[in-house]
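Structure first, commentary second.
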Amino acid sequence: MYVDSHCHLSFPELASRIEEVRAAMAAARVDRALCICTTLEEFAAVHALALRYDNFWASAGVHPDSEGVAEPTVADLITLARQARVVAIGETGLDYYRLDGRSVGEMRWQRERFRVHVRAALATALPLVVHTRNASLDTLTILREEGAREVGGVFHCFTETAEVARAALDMGFHISFSGILTFRNAAELRDVARFVPLDRCLIETDSPYLAPVPHRGRTNNPSYVPFVAAQLAEIKQCPVEAVAQATSVNFECLFKRTAEPRAGACDHEKLD
Ligand SMILES: [Zn+2]
Ligand SMILES: [Zn+2]
């Protein structure tokens, strides 16, 4: 059984096809997914998925790329995070990829927003779902300054260097790999994945984007996450079942789900 640790099922590409997506997930043995929130405005739709289906969970947060949307306060995020089946704060972080002519200095609002999320995570003891693009140093600095080690979380859709992975791991964070791991031009990322211990790896689709090979270019959905697992298994030279099990256990551990507690859920010894 596989877990998709990061998907956007409330986005228009997927929102009207939930039953179809769920059938595809069942056929592909993908039994759980974390539905990620990107704006306060979107939260109700993301949360509704987690309330309606017992194998979906929700996050609460405002994506660094979300502009022209309501700006969250720490109190706003705490209120959302305390609702049932909300298991993470995010996605949050920094993205300097699309500066649209602005300097990094002018992106102070993103850094402030990120700090607000870390403070909400600390206040609720929930892990962070971190998005970082072209901004790894500032991302690590803010996490360090705000004491994010206390709650941990995941660097999602990881595309950074081994050095950044090391720093994230040292801070207690997990690393999540997406379909990018399967792309022909991602040899360097596969080298990074070789270095990240399996007991700190998660897998995700980030659907509807970034469909893995052999579906690259199509609308992604959680039923494609086994292709990411298969790629990771090839990198780790282990059976795909070992990747499925480890990433599922890691998901349970990280998001400390209270529903369906499993004895020994964090016992990685069993995976050897
Ligand atoms: Zn992201
Ligand atoms: Zn995302």
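General remarks:
- In a simple Cβ point-charge model (Lys, Arg +1; Asp, Glu -1; nothing else charged), region 1-113 has a dipole of about 320 debye relative to its Cα centre.
- Other residues with beta-carbon under 12 Å from the beta-carbon of LEU202 carry, at +1 per Lys or Arg and -1 per Asp or Glu, a net charge of -3.
- Expressed as a whole percent, the accessible surface of the chain that belongs to carbon and sulfur atoms is 52, based on a 1.4 Å probe.
- Relative contact order [Cα under 8 Å, 6+ residues apart], region 5-95, whole percent: 27 percent
- Cα centre as origin, Lys/Arg/Asp/Glu Cβ charges: the chain dipole, Debye: 200 debye
- Dipole of region 57-110 computed with +1 at Lys/Arg Cβ and -1 at Asp/Glu Cβ about the Cα centre; of SER59, SER103, ALA84, farthest Cα towards the positive end is ALA84.
- More than 25 Å apart - percent of Cα-Cα pairs taken over the chain: 40 percent
- Distribution of pairwise C-alpha distances over region 122-245, 5 Å bins, in %: 2, 12, 22, 22, 20, 13, 7, 2, 0
- Averaged over its residues, the chain has an accessible area of 43 Å² per residue, based on protein heavy atoms and a 1.4 Å probe.
- Computed with the Debye formula from one identical point scatterer per Cα of region 1-91, without solvent, the log10 of I(q)/I(0) at q = 0.15, 0.26 Å⁻¹ comes to -0.54, -1.36.
- The charge dipole of region 41-197, taken about the Cα centre with unit charges on the Cβ atoms of Lys, Arg (+1) and Asp, Glu (-1), comes to about 320 debye, rounded to the nearest 20.
The values are calculated or read from the model by the stated rules, or taken from the named source; none is laboratory data. Not measured: the values here are computed from a predicted model. All Cβ positions, even for glycine, are placed from backbone atoms using ideal geometry, and neighbour counts span all protein chains on display. Surface accessibility is based on the protein's heavy atoms, side chains included, excluding ligands, DNA and RNA. Shrake-Rupley method; radii C 1.70, N 1.55, O 1.52, S 1.80 Å.
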